[in-house]
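Enquirer: If you scroll down you'll find the structure; I have some questions about it.
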Amino acid sequence: MTVYVCVRCRKTWEIKNGDTDPTVSGGLCKRCLKNSLIQLYRGKQSKEGNFDCFGKAIDSCDQLNCRYRELCLDSSMDD
């Protein structure tokens with residue numbers, strides 16, 4: 001099992017992977033990762049002719065052709 005600590009918000013989580021090394025690893029939790037991608041993806045949405053709305057949707061989105069729609073609506077990224 002590997003233990004991670006988010007370098008931004010300090011949230012911890014574990015991933016069961018058979019690792020026995022007790023060293024804690026750093027990274028971004030799902031929420032901080034999604035937040036760090038907002039500006040990048042909004043810029044790409046604009047270039048693709050979509051609304052630059054990544055991260056604004058709550059439960060639904062009418063931008064069916066947006067490349068980032070699935071990730072934006074993925075509620076597991078909000079944990």
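Enquirer: Assuming residue 7 fulfils every condition listed in (1) touching a Gly at 6+ places or on another chain (Cβ under 8 Å); (2) closer than 20 Å to residue 56 by Cβ apart from one, which condition is it?
Expert: (2)
Enquirer: Within segment 12-27, how many residues are out of contact with any strand residue (DSSP E or B) (no Cβ under 6 Å at 6 or more places or on another chain) and of a type in the set (D, E, K, R)?
Expert: Total satisfying the criteria: 2.
Read-outs: derived from the displayed coordinates by stated rules, not from any lab. These figures come from a predicted structure and were not determined experimentally. Cβ coordinates were reconstructed from backbone atoms using ideal geometry, including for glycine residues, and neighbour counts include every protein chain displayed.
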